[in-house]
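Engineer: Attaching a single structure in structure tokens format; questions to follow.
Read the figures in this text as sums done on the coordinates, not as results from a lab. Quantities reported herein were computed from a predicted structural model and do not represent experimental measurements. Heads up, the Cβs are rebuilt from the backbone with ideal geometry, glycines too, and the neighbour counts pull from every protein chain shown.
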């Protein structure tokens, strides 16, 4: 099994989380910590780049559900980008495209937050 890595970087008014490897029950706390850190820092415009995410389990999907309410009540959002067809199918099966905006490209997702002040 592949290891899991979370890398966070800040752009203009938008925080990007890059995911790599397998996101499952064992690695979900790493993503939880990344989301919690952003919320604690009052960074609510978040793009999650899934380009190098090779697997996601229901536990991984649960992390997104756990934080979306806090982010949105602070006028932010979590947008997803660069999913492989395999990863997208898991999100799609559980109805995530109705709840989250999913983009092919990170720049497009970042741009959807609108102009920065």
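Engineer: Given a Förster distance of 22 Å, report the FRET efficiency between residue 8 and residue 99 from their Cβ-Cβ distance, rounded to the nearest 0.05.
Structural biologist: Computed FRET efficiency for residue 8 and residue 99 comes out at 0.50.
Engineer: Separate question: What do you get for the angle between helix 28-40 and the principal long axis of the chain? Use alpha-carbon atoms, 0 to 90 degrees, nearest ten.
Structural biologist: Roughly 10 degrees, rounded to the nearest 10.
Engineer: Another one. Mind checking the angle between helix 58-73 and the chain's longest principal axis? C-alpha axes, 0 to 90 degrees, to the nearest 10.
Structural biologist: It is inclined by approximately 10 degrees.
Engineer: Further question on the same structure: Ranked from highest to lowest mean number of other Cβ atoms within 10 Å per residue, what is the order of the peptides 48-56, 21-29?
Structural biologist: 48-56, 21-29
Engineer: Would you please put 32-43, 72-83 in order of how densely packed they are, using the mean number of other Cβ atoms within 10 angstrom per residue and starting with the highest?
Structural biologist: In decreasing order of mean packing, 32-43, 72-83 become 72-83, 32-43.
Engineer: According to the Cα gyration tensor, what semi-axes, each the square root of 5 times an eigenvalue, does the equivalent ellipsoid of segment 1-56 have, listed from largest to smallest in whole Å?
Structural biologist: Equivalent-ellipsoid dimensions as semi-axes: 21, 12, 7 Å.
Engineer: Using the basic label-point model (7 angstrom from Cα toward the beta carbon), what is the residue 112 to residue 32 distance in nanometres?
Structural biologist: If labels sit at residue 112 and residue 32, their model points lie 2.7 nm apart.
Engineer: While we're on this one: Can you list, largest first and rounded to whole Å, the semi-axes you get for segment 26-117 by taking the square root of 5 times each eigenvalue of its Cα gyration tensor?
Structural biologist: Values: eigenvalues 79, 55, 27 Å².
Equivalent-ellipsoid dimensions as semi-axes: 20, 17, 12 Å.
Engineer: Can I ask one more? Would you mind checking segment 79-117 for residues with the amide N under 16 Å from a putative spin-label position 7 Å along Cα→C-beta of residue 65?
Structural biologist: 90-100
Engineer: Compute the Rg/Rh shape ratio of segment 77-117: radius of gyration over Kirkwood radius, all on alpha-carbon atoms.
Structural biologist: 1.03
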